[in-house]
1. Which residues, counting only those in the range 61-91, are of a type in the set (D, E) and outside any helix (DSSP H, G or I)?
2. Hey, any hits in the range 297-307 for a residue that's open to solvent by less than 30 Å² (accessible area, probe 1.4 Å), touching a Phe, Trp or Tyr at 6+ places or on another chain (Cβ under 9 Å) and either at pLDDT below 90 or not in a loop (DSSP other than H, G, I, E, B) (or both)?
3. Using the structure shown, decide if D209 is at pLDDT below 75 and surrounded by 12 or more Cβ atoms within 10 Å (Cβ to Cβ).
4. What is the one condition in (1) at pLDDT below 70; (2) within 30 Å of L59 (Cβ to Cβ) that G148 does not satisfy?
5. Quick one: which of T234, T184 is open to solvent by less than 80 Å² (accessible area, probe 1.4 Å), modelled with pLDDT of 75 or more and outside any helix (DSSP H, G or I)?
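The values are calculated or read from the model by the stated rules, or taken from the named source; none is laboratory data. Keep in mind the model is a prediction, meaning the values are calculated, not measured. Don't worry about glycine lacking a Cβ; one is built from the backbone with ideal geometry, like all the others, and counts go over all protein chains shown. Please note that ligands, DNA and RNA were not included when accessible areas were found on the heavy atoms of the full protein model with its side chains. Shrake-Rupley method; radii C 1.70, N 1.55, O 1.52, S 1.80 Å.
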Amino acid sequence: MPNPVSRLFRPGRGGLFWKLFLSLWLAMVLSFVVGVFYLHLAGYRDAMDNLDSVRTGVLLSTAEGLLKRSGTDAAVAAIADWNADPASPPVALLTDDGRRLVGSPAALTGYRRSVQADDGRRFMLVTALDSVWTLKPQPSILIPLVSGGLVALLFSSLLAWYLSRPLRTLSWALHAVSRGDFATRVRHRMGGRRDEIAALGSDFDRMADRLQQLVEGRQRLLHDISHELRSPLTRMQAAIGLLRQNPGKTAAMVERIDREADRLDTMVGELLTLARLEVGSEVISRERVDLIELLAAIVDDAAFEAEACGRGVRLAADGPFVCTVAAEVLCRAFENIIRNAVKFTAEGTVVEVTAATGRGGLRVTVVDYGPGVPEDMRDKIFEPFLRLDATAPATAGFGLGLAIARRAVESHGGTVLATGAPQGGLAIEITLPAVDQLRSRTPCQS
């Protein structure tokens with residue numbers, strides 16, 4: 001299995017990584033450039049706001065250099081020229097003992113700087129300003145830019161890798177699913193992260209799990225359909241063969257072929273109903289009916305048929321339940337569940353059908369007195385072509401009745417649940433909401 005992270009830096013791949021990396025890195029570097037430029041600009045503006053302080057500081061630095069290199073006369077001449085400008089703050093030069101060499105008395109009340117000349121004598125430079133701007137060595141602008149760029153490089157790389165890695169994993173998983181590998185899961189590959197990308201990985205796993213269930217279910221269904229269709233076709237072929245060998249059995253063989261053809265027709269009809277429900281109930285016409293009245297008619301028919309084999313069916317309902325539904329498929333659902341209960345209930349017992357209405361909707365419970373169903377098989381009895389009694393005769397059914405019933409109820413937003421009955425039989429509970437879930441959401445009246 002290829003490692004999606006190992007392909008991250010391959011040429012032509014990892015586009016999201018490089019987009020994230022370059023955009024973040026450039027943004028951070030630009031922020032450093034702007035910050036450094038602003039700091040230097042702010043320092044320049046501060047200097048311009050104190051122009052006299054800057055000019056005086058330059059003069060004092062010049063005079064200090066002249067005292068050290070050229071002597072007292074050069075420094076005195078420079079200060080005298082400065083003081084000749086009436087717009088310039090006055091500057092004075094004093095000896096170590098306080099004697100003024102140049103400058104007015106007005107300059108003696110401000111900033112002072114002690115200077116040692118080249119001949120070892122000490123002098124005092126004085127100005128009327130409280131402070132002067134002093135020349136200082138400025139750090140290179142490259143230092144913050146280089147350090148900021150390196151930090152941005154590291155941070156951008158980590159962030160881009162952190163964001164693009166799970167997306168690369170999802171891309172690999174999608175390609176795996178597109179190749180038919182529905183067992184692919186990605187959530188465990190994302191570590192302990194708890195962000196939106198991890199939630200997307202969980203959603204992908206749920207999608208893959210559902211696809212795997214659907215594909216496996218469809219494969220089982222196709223296998224079961226082929227098996228169920230083969231049996232009546234085999235019997236029809238056998239009857240045709242016997243008819244050719246012994247024309248005297250024409251009537252019996254034709255009857256047999258006719259019976260198997262009816263079975264095929266019934267099976268195909270149920271498969272078509274199941275397929276329509278799998279596609280969606282929108283393709284089935286709806287009408288407004290009283291489900292309690294519909295249920296009562298089904299119970300009457302089932303009771304009439306059950307009486308012939310020593311069984312009974314009884315309905316207990318507490319009121320009408322009018323709703324816009326696909327009456328055809330719901331009728332088939334109720335009928336299949338009730339007939340299935342009649343078939344398995346013990347002789348001499350009565351199948352109890354209870355219908356309760358309320359704000360939560362309609363709840364129908366069908367309880368039989370048969371052998372029941374093991375707990376681990378109660379949910380599987382709603383799968384197509386599942387028959388618990390492997391010794392049942394070929395005419396016992398196709399195992400589609402309960403599957404059709406569940407699809408029909410679920411297409412109306414309801415649920416079907418099988419549980420064990422207190423007396424040992426099977427209880428099937430059907431719930432339908434009080435609001436039409438799939439069409440106009442017209443409230444049902446109970």
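1. Let us first name the residues in the range 61-91 that are of a type in the set (D, E), namely 64, 73, 81, 85.
Answer for the range 61-91, where residues must be of a type in the set (D, E) and outside any helix (DSSP H, G or I): just D85.
2. yes
3. On the way: at pLDDT below 75: no; surrounded by 12 or more Cβ atoms within 10 Å (Cβ to Cβ): yes.
Against the criterion (at pLDDT below 75 and surrounded by 12 or more Cβ atoms within 10 Å (Cβ to Cβ)), D209 does not qualify.
4. (2)
5. Numbers: T234 fails: outside any helix (DSSP H, G or I).
Checking each option against the conditions leaves just T184.
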